[in-house]
Every structure is written in structure tokens, then in C-alpha cells.
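The values are calculated or read from the model by the stated rules, or taken from the named source; none is laboratory data. Values in this document were obtained by computation on a predicted structure and should not be read as measured data. Note that each Cβ is placed from the backbone with ideal geometry, even for glycine, and that neighbours are counted across all protein chains shown. Heavy atoms of the whole protein, side chains included, go into the accessibility calculation; ligands, DNA and RNA do not. Shrake-Rupley method; radii C 1.70, N 1.55, O 1.52, S 1.80 Å.
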Amino acid sequence: PGADGPVFLFAGNGRREKGIQILPDAIERYLRSDRPGSFVIQAINLVTPAMAQRLKSLGPRVFIIGEPLSGAPYFEFLSSGDAILVPYDPISYTMRTSHIFIEALGIGRPVITTKGTWMAEELTALGEPCGVLMEAFSAEALCNAMFRFSEEQGKLSLCARRIANTVREKHNSTQFIRTLLM
């Protein structure tokens, strides 16, 4: 990715409930706006070869990593972005969590996620503006959230770094076991 503008990352399985199908249109809208920025999509699968081809056709500011990442390379990947895209479908993620969401906030990276999801509730509960909420589960809403992020990147990034330790203290294996045993 180039040094101009924010670097937006999408990580994980390219599944429909994770918004992979709205990603190409959202990226295309963003790029047509002539705003600076680049996109890195790390997905084990991109649903269909046609979608992979469509993403590749969006130009030199879109990069695809088609292999799984784990451990240090995965966290290096997350750390390389300015905003982590978690545009999940609220129907599937009302009561479901995202590891990528928690991992991103835990390393101090702002997120973009969808209203009506557990992640939106968690972002609001943090009490700090360290992410952007999409108004709907759509390409247009994702693009608008990316516009907003690009306008507020400095404030959102600072806040995400400030809140990272709180996220790690709340979301870890010890806390999980304590909650499970309560």
C-alpha cells in the first residue's frame, strides 16, 4: 500500500455474513471519490473467482492476500492498517462476536463495523470514539463510514491506541474463564 491516505484492512474468511459481497462496491465508490487510501483484503476465500477478479480489477490501490495468516504475521498484518473493516451483517452478528474486532481494538486499531451488531454495542460501551458505525449493512454505508474515518483518522487512531489496554484487560482468556464460571 502507498503512503497516501488511510490503509483499510479486511481480514478473515470471505463469508457473506462478514460483508465480503458489499466490499467490492464499497471500495469502488471510495476510489471513485478520488480520496487517498488503499485496501488490503486478506481472505482465505473470496466467495467466488468472479469476486476475486472484481477486486483485482479495482486497480493498484487494492491488494489481496489469499493465504491464511496466524501468530506474529497476522498481528503484523493488522498493525499495518489504519482501520480494520468489520462490516458484518447484523442479522448474523446481533449476539455473535468477532475475534478480528477485539484483536484490532486490542492492538490499538480503529474499526468500522455495522450498527445493530454486538460489535457496535461494544464500541459504544467503550465510551471512546475509536471506530465508525455503518448506518446499514450496505456498500454505500460502508463507503460512507470509510469517508468518515478518513476525515477523523487522527482522532480515531489516538483514541484506539488509548483504549487498547482496556480492551485487552476485558477480553482475554482469564476473563473468559471467570465469566464462564460465574
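If you go through segment 31-89 and keep only what is in contact (Cβ under 8 Å) with a residue 12 or more places away in the chain and of a type in the set (S, T, N, Q), you end up with Ser33, Ser38, Gln42, Asn45, Ser79, Ser80.
Scanning segment 39-61 for residues that are among the charged types (D, E, K, R) and over 14 Å from Ile22 (Cα atoms) yields Lys56, Arg61.
Here Phe63 meets each of (1) at pLDDT below 90; (2) closer than 14 Å to Phe10 by Cβ; (3) among the aromatic types (Phe, Trp, Tyr) with one exception, condition (1).
Filtering segment 131-158 to residues that are assigned to a loop (DSSP other than H, G, I, E, B) and open to solvent by less than 20 Å² (accessible area, probe 1.4 Å) leaves nothing.
If only residues of segment 108-130 that are open to solvent by 10 Å² or more (accessible area, probe 1.4 Å) and at positive phi are counted, the one that is farthest from the chain's Cα centre (by Cα) is Gly127.
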